[in-house]
Amino acid sequence: MATEVERKTDIGPPHFEQFLHPLMKENYGKWKYHETLEPGVLAHTGDAGTLYSVRCASPRLASTNFIRTMTGLADKYADGYLRFTSRNNVEFLLADKDNIEPLKKDLADLNIPVGGTNNAISNVVHTQGWVHCHSSATDASGLVKAVMDELTDYFTSEKLPARIRLAVACCLNMCGAVHASDIAILGVHRTPPVIDNASLPNLCEIPTTVASCPNNAIKPTSIEGKTTVTVDEDKCMYCGNCYTVCPAMPLADPLNDGVSIWVGGKISNARSEPMFTKLAIPYLPNNPPRWPEAVDAVKNIVEVYAANAKPFERMGEWIERIGWPKFFDLTGIEFTKYHLDDFRFAGTTYRRSTHNRY
Amino acid sequence: MADDLKIPLLEELEKGPWPSFVSDIKSMADKSEVAADLLRQLEKSYEDKRGYWKHGGLVGVLGYGGGVIGRYSALPEEFPGVSHFHTVRVNQPSGWVYTSKALNEIMDIWDEHGSGLTNMHGSTGDMVLLGTNTDELEPTFQALTQKGWDLGGSGSDMRTPSCCIGPARCEWACYDTMDLCYNLTQEYQDELHRPMFNYKFKIKMSGCPNDCVASQARSDMAIIGIWKDEIQIDKDAYAAYMKDGFNIKDLVVDMCPTGCITADENDIEIDDSNCVKCMHCIARLPKALAPGKERGATISLGAKAPIVEGALIAQNIIPFMEMEKPYEELHDLIERIWEFWDDHGKARERIGEFIERVSLATFLENTGLDPLPQMVQEPRDNPYIFYEEYYAEEDEEAASDE
């Protein structure tokens, strides 16, 4: 078949060099310093000259239309060079400083905010939610849109004490790895899967279903002569792995699914070591399309932090300085039994001193 | 087709200043029945407060075990456009750099073979082409490879490595993250495309301790740029900051975690022997301070999300390794780690959980690494030591010890 092209495999990604702006090639490994000209506009300087990066938000769930709009702007202002950041922002890479303002104007006309640099709330790292995931306890794109509509002002400015990294994961599988974010919204299931004993024997392979549970909570059983499974409810962590292999074990529970709010994690090594996020609010209801309870909770935490933290003090560093009792006091968040850890390293979280502030 | 698109709840999310994914998907709904049905099913999720997706079955391209995530609507009769809604993960270039020409080519492929919806990018780093049916997978793959693109990882394989922009646009990069990311991805194509591990293995590379790709939270192996010698100081640039009234005491001296900076409006001195390379002072004074010249990387293992035994942040395993081509020392380390994990790890056991189960000491012994005080926050505080060396009474060596 002469017309058929050769099937290629294992070629790996294209080499990045072909996508580098000429200034990035010339200054490669030889950059001297960078400056922030204004929120969302960075200038990196090396011997070969200065490269201007204009950063804007994206919905992350982006259509080919959106991407073509971005590439069109890159062609118009950035010689066709653009990149994405680790937090789903788009960056246009400009050699000509005079192109910054016209590019910003075009972005403004498209209602795409410019910002996300330094002491801002950058774009939100998030998961798929109801758009694409089988185990999600909430939607991610909708939550992000609802939250950021209220916080866009913090994206386009740098008025916070330090950066806030926001993340959303729609169940505790945490594809978004939200466990080291300043503020994280985590979807939670609160009830074990419901077993459809009538259809399970026909739909699911029992050994695979039993093996799917990371916590050995699923055991084979026999009901009216048919083999099915039971779930040890004390062991179930609501991860959805069993539903992945067995559609007769749906986990979604509209009555009980919702979101939890976590605070104080960080990844960078700046000043303090990386920190885990800790539980702030164990449960808020799923209330689409705008999740007002979750939005209000996040906004409240951001505002209390902004009013009280010192310059360049991250959320977790601020809380460490003032103490958790004061955090709950200032934010008005109720401390409950769910805040007390009861998993593997629970003991490491108990206070063992008289260091209380009164 | 889009005329009968009744999605009042979702349309609420077209309002407000943040870019709307609903408006964006709607812009595709006229030409893509997949996009239209995705919105219809999502509207039902918003009404009912639950998702309607099923996992199920293995789908993929010939000869690969990873790179495609199978997804099916739980309501295929109601929403036939998304009855299949598989995801294709495309291995991104190092640092997520593109030309508009290259991106447009991928968009052309995706308009022809899929929903026209993407994630730029997925959590691991891949470009995510969101939603197509089983029959389109192989044609999509072939069209991508003809343009020089390949699939990323999924399942129990080495996941697509990712890195920060590094030396391509950052003066703080302590090694060439872009090159190393490309190198590891190419070196381990088989491990990337054909799942044969106990579970996933993610590698992320950051050029400095700011860790812009969150490697310490999100990767089984975090390779973070670091330096060993003195922070470079440009005294003239420092003087210029002071002249501009920079508050050196509040913003730098008092915030240094080890108190190793002595500075006033005239001069700055750093006790580098006590500096933990946290980057705070360099970030505040980017024109005056820079990482040292003796550069390499620190390597940590074991970060992961909660499933199964709880979330972990990566633990330091190599305080300093030079990162120069052809990276033989690193390849050797990676392969030793994989071999021990492969032989002794359990199914679904990430490397961080594996190390906790077999103990760090056992892990080090079997991967040829020496125990170092840099590996722990502090030595153990319990006396339950399993001594492996002790003398019997008749040993001559014991007698000679006295």
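The values are calculated or read from the model by the stated rules, or taken from the named source; none is laboratory data. Worth saying up front: this structure is predicted, and the values here are computed from it rather than measured. Note that we place each Cβ from the backbone using ideal geometry, even for glycine, and neighbour counts take in every protein chain shown. Heads up: the accessible areas ignore ligands, DNA and RNA and are worked out on the full protein's heavy atoms, side chains in. Shrake-Rupley method; radii C 1.70, N 1.55, O 1.52, S 1.80 Å.
Yes/no per residue for (1) open to solvent by 70 Å² or more (accessible area, probe 1.4 Å); (2) touching a Leu at 6+ places or on another chain (Cβ under 6 Å); (3) facing another protein chain (nearest Cβ under 9 Å):
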residue: B:Ile7; (1), (2), (3): no, yes, no
residue: B:Glu11; (1), (2), (3): no, no, yes
residue: B:Trp18; (1), (2), (3): no, no, yes
residue: B:Val22; (1), (2), (3): no, yes, yes
residue: B:Ser27; (1), (2), (3): no, no, yes
residue: B:Glu33; (1), (2), (3): yes, no, no
residue: B:Asp37; (1), (2), (3): no, no, no
residue: B:Arg40; (1), (2), (3): no, no, no
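Of the numbered criteria (1) at negative phi; (2) under 19 Å from the mean Cα position of the chain (by Cα); (3) open to solvent by 40 Å² or more (accessible area, probe 1.4 Å), the one B:Glu389 fails is (2). Taken over the stretch B:263-280, the criterion of being in a loop (DSSP other than H, G, I, E, B), within 19 Å of A:Arg271 (Cβ to Cβ) and more than 14 Å from chain A (Cβ to nearest Cβ) is satisfied by B:Asp271 alone.
Restricting B:Met242, B:Met196 to residues that are modelled with pLDDT under 95 and farther than 20 Å from A:Pro13 by Cα narrows the list to B:Met196.
Select from the stretch A:293-311 the residues that are within 14 Å of chain B (Cβ to nearest Cβ) and farther than 21 Å from A:Val178 by Cα and list them in ascending order. Before you say what the answer is, go through the steps one by one.
Pass one, the stretch A:293-311, residues within 14 Å of chain B (Cβ to nearest Cβ): A:293-295, A:298-299, A:309-311.
Passing the criteria: A:Ala309, A:Lys310, A:Pro311.
In the stretch A:320-358, which residues are among the basic types (Lys, Arg) and over 15 Å from A:Val304 (Cα atoms)? Let's see the steps before the verdict.
Let us first name the residues in the stretch A:320-358 that are among the basic types (Lys, Arg), namely A:321, A:326, A:337, A:344, A:351-352, A:357.
Scanning the stretch A:320-358 gives A:Lys337, A:Arg344, A:Arg351, A:Arg352, A:Arg357.
Residues in the stretch B:243-256 that are assigned to a helix (DSSP H, G or I) and either within 14 Å of B:Cys281 (Cα to Cα) or in contact with a His (Cβ under 7 Å, 6 or more places away or on another chain) (or both) were compared, and the one that is least open to solvent (accessible area, probe 1.4 Å) is B:Ile248.
Would you point out which residue out of A:Glu26, A:Glu17 is in contact (Cβ under 8 Å) with a residue 12 or more places away in the chain and either of a type in the set (Phe, Trp, Tyr) or within 28 Å of B:Leu180 (Cα to Cα) (or both)? Quick ask: steps written out before the conclusion?
Values: A:Glu17 fails: in contact (Cβ under 8 Å) with a residue 12 or more places away in the chain.
It is A:Glu26.
The residues of the stretch A:226-252 that are among the polar types (S, T, N, Q), within 20 Å of A:His134 (Cα to Cα) and out of contact with any Cys (no Cβ under 8 Å at 6 or more places or on another chain) amount to a single one, A:Thr244.
May I ask you to verify whether B:Ile299 is open to solvent by 10 Å² or more (accessible area, probe 1.4 Å), touching a residue at least 60 places away in the same chain (Cβ under 8 Å) and under 19 Å from B:Ala361 (Cα atoms)? Even if it seems obvious, please write down each step before you answer.
Values: open to solvent by 10 Å² or more (accessible area, probe 1.4 Å): no; touching a residue at least 60 places away in the same chain (Cβ under 8 Å): yes; under 19 Å from B:Ala361 (Cα atoms): yes.
Spelling it out, it is not the case that B:Ile299 is open to solvent by 10 Å² or more (accessible area, probe 1.4 Å), touching a residue at least 60 places away in the same chain (Cβ under 8 Å) and under 19 Å from B:Ala361 (Cα atoms).
Of the numbered criteria (1) in contact (Cβ under 8 Å) with a residue 24 or more places away in the chain; (2) under 22 Å from A:Ser86 (Cβ atoms), the one B:Pro306 fails is (1).
Scanning the stretch B:125-183 for residues that are polar (S, T, N, Q) and out of contact with any Pro (no Cβ under 9 Å at 6 or more places or on another chain), which turns out farthest from the other protein chains (Cβ to nearest Cβ)?
First, pick out the residues of the stretch B:125-183 that are polar (S, T, N, Q): B:132-134, B:140, B:142, B:145-146, B:154, B:156, B:160, B:162, B:177, B:183.
Then keep just the ones that are out of contact with any Pro (no Cβ under 9 Å at 6 or more places or on another chain); that gives B:132-134, B:140, B:142, B:145-146, B:162.
Numbers: B:Thr132: 12, B:Asn133: 14, B:Thr134: 16, B:Thr140: 13, B:Gln142: 6, B:Thr145: 4, B:Gln146: 6, B:Ser162: 8 Å.
Checked the stretch B:125-183; the qualifying residue farthest from the other protein chains (Cβ to nearest Cβ) is B:Thr134.
If you filter the stretch A:114-143 down to residues that are within 29 Å of A:Leu103 (Cβ to Cβ) and β-branched (Val, Ile, Thr), you find that the one that is surrounded by the fewest Cβ atoms within 10 Å (Cβ to Cβ) is A:Thr117.
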